[in-house]
Structure formats: structure tokens, C-alpha cells
Amino acid sequence: MREVSRFARSLGHPARLSVVSILLTQGETAAMDLVRALPLSQPACSRHLAALKRAGLVRVRENGAQVHYSLNKGHVRALVQAFQKALTDKR
């Protein structure tokens, strides 16, 4: 249940939902491209990416000086299923 709670909190900010949306549509994306796509400063974008990483929603791949992010689809799927189960178990 703790992981489901972290999942829900991690998506509780519009900027994080925007990052997830970008990664869903574009696939793996360089950090600098995410910064350009969002109306956020680089440090703010980094904080939101870190929160998504802690929740297990994104994967990080470093390529030299560039950092690339992608959705951790398997983990996202498992968390969504756990979230649905938590909701149905309460009925």
C-alpha cells in the first residue's frame, strides 16, 4: 500500500503529469528536451524528475554528459493494477 501511495503522490503535480505525458508520446527523451518542453526552470524540472524516479515511474540512462529519461512501463503497469486493487478492496 505504501508504494501505491507514493505512486499517487508522484502524479499529484501537473508538471509530473506533463513529464509522464511527454514520455508516453515521445518515448525516451533527453533531460534538456524535457526542460525545453516544460514551463519550468532546470532545477525545478530536475526535482520533478527525481520524484518520478524515486517512485519508480521513470528510468534514467546516462550517455556521456546527456541524461535520458523513459517510462518504466512495467512498473507503472504494476502500480496501476495495485492502485485499482486497493480501490476495489475498499468497497
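Computed from the coordinates by the stated procedures, all read-outs in this text should not be read as laboratory data. Computed from a predicted structure; not experimentally measured. All Cβ positions, even for glycine, are placed from backbone atoms using ideal geometry, and neighbour counts span all protein chains on display.
Worth a mention:
- Residue order for Ser18, Ser5, fewest other beta carbons within 10 angstrom first, comes to Ser5, Ser18.
- Angle between the chain longest axis and helix 14-26 axis [Cα atoms, degrees, rounded to 10]: 80
- Rounded to the nearest 500, the 222 nm mean residue ellipticity of the chain from helices alone is -20000 deg cm²/dmol, with -39,500 (n - 2.57) taken per DSSP H run of at least 4 residues.
- Taking the longest Cα principal axis of the chain as reference, the axis of helix 73-89 is set at about 30 degrees.
- Ranked by how many other beta carbons lie within 10 Å on average, peptides 40-51, 57-68 from highest: 40-51, 57-68
- Alpha carbon centroid spacing (whole Å) that separates segment 1-44 from segment 54-91: 11
- Length-normalised contact order of the chain in % [C-alpha pairs under 8 Å, at least 6 apart]: 32
- Given (1) 2, 11, 8, 8, 7, 6, 7, 6, 6, 5, 5, 5, 4, 4, 4, 3, 3, 2, 1, 1; (2) 3, 14, 25, 25, 15, 10, 5, 3, 1, 0; (3) 3, 14, 22, 27, 20, 12, 4, 0, the label whose value is P(r) over Cα pairs in 5 Å bins from 0, in percent derived from this model: (2)
- Rounded to the nearest 20 debye, the dipole size of segment 14-88 about its Cα centre is 260 debye, using +1 on the Cβ of Lys and Arg and -1 on the Cβ of Asp and Glu.
- Selection from Ser18, Ser70, Ala51, by position along the positive dipole direction of the chain (Cβ): Ala51
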